[in-house]
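Asks: Questions regarding the structure given below will be posed in turn.
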Amino acid sequence: MLRERLKEETHTAHQKTESTVVRNVKSIQNEQDYITLLKSFYAYFNAVEKELSKHIDESVLPDIKNRRNSTDIKNDIIELGGDIENLPLAKVPQINNTLEALSAMYVLEGSIMGGPYIIKMLEKQGISRAFSFFSGYGQNSGQMLGAFVQVLERYGHNPETHSKSVEVANETFINFGEVFSAEKVA
């Protein structure tokens with residue numbers, strides 16, 4: 001199964017990126033700091049989504065329009081009084097086909113499962129609003145992830161394609177971690 005291979009072979013990159021995110025969340029002291037964190041998420045998710053849209057539409061993932069996306073991050077930023085100017089530079093992996101797009105999306109969709117933990121950390125830091133992105137699909141998060149994995153497995157049925165899928169997913173994790181220390185662009 002592709003999902004198992006992705007999970008196993010992206011473990012190191014996943015842990016490193018997760019550590020970077022947690023460190024950034026724990027450093028938040030006010031809503032302005034939270035806006036800065038959200039801008040990093042927005043810059044990366046929005047850039048990756050633009051690449052994904054070249055290969056994934058309703059014919060691939062029927063519920064694509066119902067999935068959490070960077071618009072949710074933008075709405076959280078605006079709710080906090082921020083804007084989406086001066087974003088960090090986001091480098092996206094090269095995506096050449098549907099399976100590679102789904103492999104990158106595996107990282108974005110999988111991040112939903114960490115949302116409730118991020119919300120708890122933010123609440124401990126005194127943040128009490130603008131959680132639509134980190135809320136994911138609420139109680140349906142597991143179900144939505146499961147539906148995504150079914151599509152991933154259907155497109156990733158050929159084991160000969162798995163190495164490239166792992167490469168794209170690892171690059172997606174690594175590039176996401178790097179956005180937190182990237183230079184800002186207008």
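What follows is calculated from the coordinates using simple rules that are stated; it is not laboratory data. Nothing here was measured: the structure is a model prediction, and the numbers come from that model. Positions of Cβ are generated from backbone atoms using ideal geometry, with glycine treated the same way; all protein chains shown enter the neighbour counts.
Asks: Based on the mean of other Cβ atoms within 10 Å per residue, sort peptides 165-177, 136-148 so the most packed one is first.
Replies: Descending mean neighbour count gives 165-177, 136-148.
Asks: Using the reciprocal of the averaged 1/r over all distinct C-alpha pairs, how large is the Kirkwood radius of region 44-120 in Å?
Replies: Taking the inverse mean of 1/r over all distinct Cα pairs, region 44-120 comes out at 13.8 Å.
Asks: Of 116, 77, 105, which is farthest along the charge dipole of region 71-130 in the positive direction, counting Lys and Arg as +1 and Asp and Glu as -1 at C-beta?
Replies: It is 116, whose Cα lies furthest towards the positive end.
Asks: Also, quick follow-up: Applying the Karplus parametrisation 6.51 cos²θ - 1.76 cosθ + 1.60 with θ = phi - 60° to the phi angles of region 75-92, what ³J(HN,Hα) value in whole Hz is obtained for each residue in order, glycine and proline being reported as x?
Replies: Karplus-based 3J(HN,Hα) across region 75-92 equals 4, 5, 4, 5, 4, 8, x, x, 9, 9, 9, 6, 7, x, 5, 10, 9, 9 Hz.
Asks: Still on this model: With the calculation restricted to Cα positions, what are the radius of gyration and Dmax of the chain in angstrom?
Replies: Using the Cα atoms of the chain, the pair Rg, Dmax is 15.9, 48 Å.
Asks: Could you point to the residue in 158, 60, 148 farthest towards the positive end of the chain's charge dipole, with +1 and -1 charges on the Cβ of Lys/Arg and Asp/Glu respectively?
Replies: 148
Asks: Order by neighbour count: 162, 157, 14, fewest other Cβ atoms within 10 Å first, most last.
Replies: Neighbour counts put them in this order, fewest first: 157, 162, 14.
Asks: Taking the Cα centre of the chain as origin, sum charge times position over the Cβ atoms of Lys and Arg (+1) and Asp and Glu (-1), and report the length of that vector in debye to the nearest 20.
Replies: Using Cβ point charges on Lys, Arg, Asp and Glu, the chain gives about 280 debye.
Asks: Evaluate the relative contact order of the chain (contact order divided by residue number), counting alpha-carbon pairs under 8 angstrom at least 6 apart; express in whole percent.
Replies: About 39 percent, as a whole number.
Asks: Here's a follow-up. Between region 71-109 and region 5-64, what is the separation of their alpha carbon centroids in Å?
Replies: 6 Å
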